[in-house]
Every structure is written in C-alpha cells, then in structure tokens.
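Just below is one structure, and these are the notes that go with it.
Bear in mind that the values in this text are calculations on the coordinates, not laboratory data. In this text the structure is predicted, and so the values were computed from the model without any measurement. Here the Cβ positions follow ideal geometry from the backbone for every residue, glycine too, while neighbour counts run over all protein chains shown.
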Amino acid sequence: MKKHICKVIALMSVVALLAVGFVGCDKGEGGLTKVKVCEVTHSIFYAPQYAAIALGYFAEEGIEIELSNGQGADAVMAAVLSGNIDIGFAGPEASIYVYNEGSADYTQVFAQLTQRDGSFLIGREKDDAFTWDKVKGKVVLPGRKGGVPYMALEHVLREQGIDPTTDTTLDNSVQYAMMTAAFTGGTGDYVTAFEPTASMLQQQGQGYIVASVGEAAGDIPYTAYFAKKSYIEKNGDLVQRFTNAVYRGQRWVATHSAREIAETVLSFFPDTSLDLLTKAVESYQSIDAWNTNPVMGKDGFDRLQAVMTEAGELDKTADYAKVVNNTFAEKAIETVK
C-alpha cells in the first residue's frame with residue numbers, strides 16, 4: 001500500500017508546481033460557485049455527470065463546474081490532497097489507500113456514479129467466439145497496477161481459472177494515457193479501453209472489442225466523487241448541492257434512450273460522431289454500468305476491498321464508516337424531486 005501513497009506524494013509536488021493560484025470556492029459566471037473537479041479519464045462511461053452539466057442541473061444548484069482530466073486515480077488524488085482540486089472523481093481505492101496510510105485529513109467518498117468496470121478488452125482480430133482462456137500466453141495492456149481497472153481484470157482472470165501472474169503477461173509499463181497508442185503501434189496482443197475509445201478503434205479497424213470487463217467482473221464500486229474531510233466539513237451545503245445535481249443526472253440517464261443521452265452529451269465528445277457515441281452508450285446500458293442513486297453501499301465497498309486484497313494491494317481493510325460519507329447521497333434521495 002505504501003508504494004501507492006509514495007506515488008501520490010510525488011505527484012502532489014508536480015501538481016503544486018503546475019497549479020496557478022489557490023483553488024477555492026470562487027465565484028464563476030452569473031454568481032455561480034466555481035467547483036474544480038478532476039476526473040480520472042474522459043469517457044462516455046461518465047454520461048450522468050456530463051448530462052447533469054449539459055442539462056443545467058449543476059447551474060440550478062448554483063454551481064459552475066470546471067472539469068479537468070487527471071489521466072489516472074493517483075494523479076487525481078494528488079491534486080485533491082494538494083488543494084489544487086476541490087473534488088476528485090476516480091476509483092474509491094485511492095481513498096482507501098490514503099485512509100489506511102493514517103492521514104489526518106483523508107478523503108471521503110460522498111457520491112458513487114458507476115457500479116461496474118467501464119473498460120472493454122480489445123484484440124487485434126475480430127473474435128465473436130472469444131473466451132477468456134484465449135489471453136493465456138498473451139500480452140495484455142491493463143493500466144496502472146493498483147488501480148481498479150487492473151485489479152478488476154485480474155479478478156476476472158482468476159474467476160475464469162487463469163493465473164494473471166503466470167498464465168498471461170499484464171504489461172503495466174505503458175502509461176494509462178498512452179495505452180491505445182501503444183497497442184495500435186504494435187505493443188501487446190490485447191488492450192483495455194473505455195468508450196468511446198473502444199468503439200473508435202473498432203471503427204478504424206485498429207482493434208476489435210471482444211469482451212466487457214465490467215460484465216465479467218460484476219458489481220464493484222468503480223468511480224465516485226471524493227474530497228478531503230476538511231473540505232466537506234467547511235463546504236457541506238456546497239457538497240450537498242453538488243450531490244443533488246449528480247443524482248438528477250443519474251435519474252435522467254436511467255430514464256432516457258441511448259440516442260437521447262448521446263445527443264445531450266455530444267458536445268463533450270467533439271471528435272466522436274453521434275452514431276458512434278450512441279453505440280458507446282448502448283454498451284454501458286447493456287452492462288448496467290451506472291448507479292441509479294449516489295449511495296455507496298457497504299456490500300459493494302467490502303467487495304472492492306476483497307478484490308484489492310486478492311490483488312495483493314491491500315494489507316488491511318479500511319473502515320467503511322470513515323471512508324464513505326453517504327449523508328449527502330441519502331439526503332439527495334430524500335429531497336430531490
């Protein structure tokens with residue numbers, strides 16, 4: 001676990017050097033409170049978030065979202081801990097690592113958005129009869145070791161009777177942001193990717209989706225919003241309004257078609273066609289990827305920690321009641337109409 005915290009500390013210094021000014025609750029346009037959010041990656045997997053922005057739900061709660069891309073949960077956590085970002089949006093494993101290290105001002109998860117892994121396994125050839133044993137003896141680009149995408153894939157392989165340490169090679173030497181470029185350049189036999197990148201690779205004939213990691217792994221708390229405990233304590237009303245908007249986005253996505261969702265969030269993906277984005281949304285609808293409310297349940301949290309322990313990344317379990325703060329999610333469900 002300590003190796004993850006060391007990486008976060010190192011990244012904090014980099015983030016601090018790159019930051020311009022102090023991050024706080026500045027006033028944006030029209031008197032809205034500006035909230036800086038750093039997402040782990042940019043994907044239609046986070047459709048409820050983009051829908052909440054596009055439909056004005058955050059604005060109606062008096063919030064202007066300033067969104068940035070951290071390209072990895074470790075970088076997102078570093079930005080939050082350094083105070084350069086208000087709210088992080090990444091896997092809950094990052095908050096578990098920080099809490100277990102004993103930080104006094106650890107981060108708390110206050111709203112969960114996705115409940116399954118959003119990555120798809122992509123091969124070099126079309127394979128409608130794919131079975132997981134086909135990765136034996138092959139090289140897979142799986143993301144950063146210690147991150148949920150890597151651990152979820154390991155979990156799937158073990159469930160399929162495949163030892164990820166001996167039966168296949170999980171090459172984590174390639175940075176997350178460079179994985180698909182490395183794959184199209186000839187590295188590896190398989191790569192994992194989120195939508196719409198996965199469908200774009202397939203459309204371009206540079207790779208073929210053969211399986212959904214999320215479908216195979218089952219329900220795992222995957223992507224959630226978190227902030228430092230001190231930030232939540234000082235900005236409780238703001239966090240509540242933020243959670244309300246997230247919940248409204250979740251409800252809207254749950255009751256609209258893939259086409260409607262794609263049309264609504266298309267501006268967030270200017271290089272993607274409406275048809276391809278619609279297919280990408282359908283991919284996530286088919287695996288029940290999104291939470292219908294922002295509460296993170298204890299069963300899911302415990303399952304995530306079991307997967308982390310199985311992967312050798314966790315030497316002790318974290319206290320659910322400390323890491324997860326469902327106060328705002330529960331109130332959103334009660335009050336948002």
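Rounded to the nearest 10 degrees, the angle from helix 298-310 to the longest Cα principal axis of the chain is 50 degrees.
Given the options M200, M178, M308, which has the most mean-square fluctuation in a GNM of the chain, springs set between C-alpha atoms less than 10 angstrom apart? The residue that fluctuates most here is M178.
A cut-off of 5 Å between modelled amide H atoms, ignoring neighbours fewer than 5 places along the same chain, links R116 with I220, Y222. Estimated purely from DSSP H runs of n ≥ 4, each contributing -39500 (n - 2.57), the mean residue ellipticity at 222 nm for the chain is -12500 deg cm²/dmol once divided by its residues. By the count of neighbouring beta-carbon atoms within 10 Å, fewest first, K298, K279 end up ordered K298, K279. In order along region 223-230, phi translates into HN-Hα couplings of 10, 8, 8, 9, 8, 4, 4, 5 Hz, rounded to whole numbers, per the Karplus curve 6.51 cos²θ - 1.76 cosθ + 1.60 with θ = phi - 60° and x for Gly and Pro. Determine the shape class of region 111-180: with a ≥ b ≥ c the square roots of the Cα gyration tensor eigenvalues, call it rounded for a/c under 1.5, and otherwise prolate if a/b is greater than b/c, oblate otherwise. Note, shape of region 111-180 comes out rounded.
Taking a ≥ b ≥ c as the square roots of the eigenvalues of the Cα gyration tensor of region 192-282, is the shape rounded (a/c under 1.5), prolate (a/b larger than b/c) or oblate?
Details: a/c = 2.36, a/b = 1.75, b/c = 1.35.
The shape class here is prolate.
Residues whose amide H comes within less than 5 Å of that of Q160, counting only those at least five positions distant or on another chain, are absent (H built at 1.01 Å from N in the peptide plane). A dipole drawn for region 120-217 from +1 and -1 charges on Cβ atoms has a positive end, and of Q206, M178, L141 the residue lying farthest that way is M178. Amide H contacts for K34 (H built 1.01 Å from N in the peptide plane; partners 5 or more residues away or on another chain; cut-off under 5 Å): D26, K27, G28, E64.
Residues in region 197-211 carry Karplus couplings, in order, of 4, 4, 5, 5, 4, 5, 4, 7, x, 9, x, 9, 5, 10, 6 Hz; the curve used is 6.51 cos²θ - 1.76 cosθ + 1.60 with θ = phi - 60°, and Gly or Pro positions show x. If you sort the three axes of the alpha carbon gyration tensor as a ≥ b ≥ c, you get a/c of 1.5 or more for region 244-312 and a/b above b/c, which makes it prolate.
Reducing region 262-337 and region 190-246 to their Cα centroids gives an inter-centroid distance of 6 Å. Phi angles of region 287-296 translate, via the Karplus equation with coefficients 6.51, -1.76, 1.60 and θ = phi - 60°, into HN-Hα couplings of 9, 6, 6, 9, 5, 8, 8, x, 6, 9 Hz per residue; Gly and Pro are given as x.
Of all aspartates and glutamates in the structure, the ones whose alpha carbon falls short of 19 Å from that of K136, not counting any fewer than 8 places away in one chain, are E125, D127, D128, E154, E159, D163, D167, D171, D189.
Cross-link pairs exceeding 24 Å in C-alpha to C-alpha distance, out of K228/K331; K134/K316; K34/K229, comprise K134/K316.
Determine the dipole magnitude for the chain: charges of +1 sit on the beta-carbon of Lys and Arg, -1 on that of Asp and Glu, nothing else is charged, the reference point is the Cα centre, and the result goes in debye to the nearest 20.
540 debye
For the chain, the relative contact order is 26 percent, taking Cα pairs closer than 8 Å that sit 6 or more residues apart in sequence and dividing their mean separation by the residue count.
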